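Notes for the one structure printed next.
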Amino acid sequence: MRTRRPARHPVPALAALLLAAALALTGCSGAGEDSAGSSAADRGVAAPDADGKAGANEAAPGGAGSGARATAPAKLPTAHIIRTASLTVQVKDVPKALEEARAGTENAGGYVGNETTTRDEEGHERTRVVLRVPVVKYDEVLAELEGAGKLLDRSAKAEDVTDQVVDVESRIKSQRASVARIRELMDQATKLSDVVTLEGELSTRQADLEALLARQETLKDRTSLATITLSLSETPVKKEAKDDDPGFVDALAGGWNAFVTMLRWLAVALGAVLPFAAVAALLALLWLRVVRPRLPRRPRPAPAMSAVGPLPTARTAPQSPPARTPDEPDEQD
């Protein structure tokens, strides 16, 4: 008898096929997650941990976010400030204090500028000196000078000229480019008239460029070196007390000063007019004494005539007849 083979069911085979497909999908998804994690790590993005904090890649200084990258802060322009100060210090020995101020300035890398020394009636010296020190040593030198004696007066000023420095630098750049263009045109010019015109324009622009360079050097000197005006005195500076309400004496003194001033100005005016008056008087004297007597005299005018004849003239007094002598005969005889 033939044994009957059991019939094969397709269910196990289908189940095996589905299991293989599920394993394949699971492997692909795991590989995808691994690749995504590696790409995210390459981009510097870290998933938050259990505490909700960012990963180490986000906190790392070199890491950059996927949405917004960290940018370096904008570089601010360097400030250019002109610093000036004025000090009045009372010391016991002015020459010694001046020598110490010079030494401190030179040690700081600066130099001594103008210097003026005076001596009063009592023999006390007063010195005024201008010191130029580097800006980085400005505060240090200023503190040393203030401690040289008794500080009587102090004033400091800082002026920001950054805009001027930037403007001058920009204008210098443009002016140099303009000069270069003019030189290129001169190299290409073939006519003498064009060459002469371009030479004149080049001279003008070079002069403007030199003026800008000189201004730049001035600004550089004033911003790199601070100016300190130091006044040294052996006696305190006396300030005159001012009374807001003037009295009778003040009014009298003011009136007398005004009167004296008026007389002084009158004397000055008289002194200025006196030479002209002397010359005018001399010319008048020469006219009366020398020139006028030598001039020809004008003839007397003729008697005026009327329609009926000459106008009567003034009658003269009748003259008496001459006396007769005894020898002369009588006219009636």
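The values are calculated or read from the model by the stated rules, or taken from the named source; none is laboratory data. Not measured: the values here are computed from a predicted model. Note: ideal-geometry Cβ built from the backbone for every residue, glycine included; neighbour counts use all protein chains shown. What goes into the accessible areas is simple: the full protein's heavy atoms, side chains included, and nothing from ligands, DNA or RNA. Shrake-Rupley method; radii C 1.70, N 1.55, O 1.52, S 1.80 Å.
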When you check Arg176 against the structure, is it over 22 Å from the mean Cα position of the chain (by Cα), part of a strand (DSSP E or B) and at pLDDT 90 or above, yes or no?
no
- Take Ser170 and decide whether it is open to solvent by less than 90 Å² (accessible area, probe 1.4 Å), assigned to a helix (DSSP H, G or I) and at negative phi. yes
Of the residues in region 154-166 that are farther than 14 Å from Ala214 by Cα and in a helix (DSSP H, G or I), the one that is least open to solvent (accessible area, probe 1.4 Å) is Thr162
Flagged pairs (Cβ under 6 angstrom, 6 or more apart or on separate chains; first in region 214-229, touching a residue at least 40 places away in the same chain (Cβ under 8 Å) and farther than 13 Å from Ala108 by Cβ; second not in a strand (DSSP E or B) and not aliphatic (A, V, I, L, M)) are Thr223/His80
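Quick grid of which residues meet (1) farther than 16 Å from Gly147 by Cα; (2) at pLDDT 85 or above; (3) among the aliphatic types (A, V, I, L, M); (4) open to solvent by 70 Å² or more (accessible area, probe 1.4 Å):
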| residue | (1), (2), (3), (4) |
| --- | --- |
| Leu76 | yes, no, yes, yes |
| His80 | yes, yes, no, no |
| Leu87 | no, yes, yes, no |
| Glu122 | yes, no, no, yes |
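Would you point out which residue out of Val165, Val161, Val136, Val179 is of a type in the set (A, V, I, L, M), touching a residue at least 12 places away in the same chain (Cβ under 8 Å) and within 30 Å of Arg102 (Cβ to Cβ)?
The conditions single out Val161.
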- Do we have Thr117 as surrounded by fewer than 18 Cβ atoms within 10 Å (Cβ to Cβ), within 29 Å of the chain's Cα centre (by Cα) and not hydrophobic (A, V, I, L, M, F, W, C) here? yes
Is it true that some residue in region 166-179 is basic (Lys, Arg) and within 30 Å of Gly113 (Cα to Cα)? no
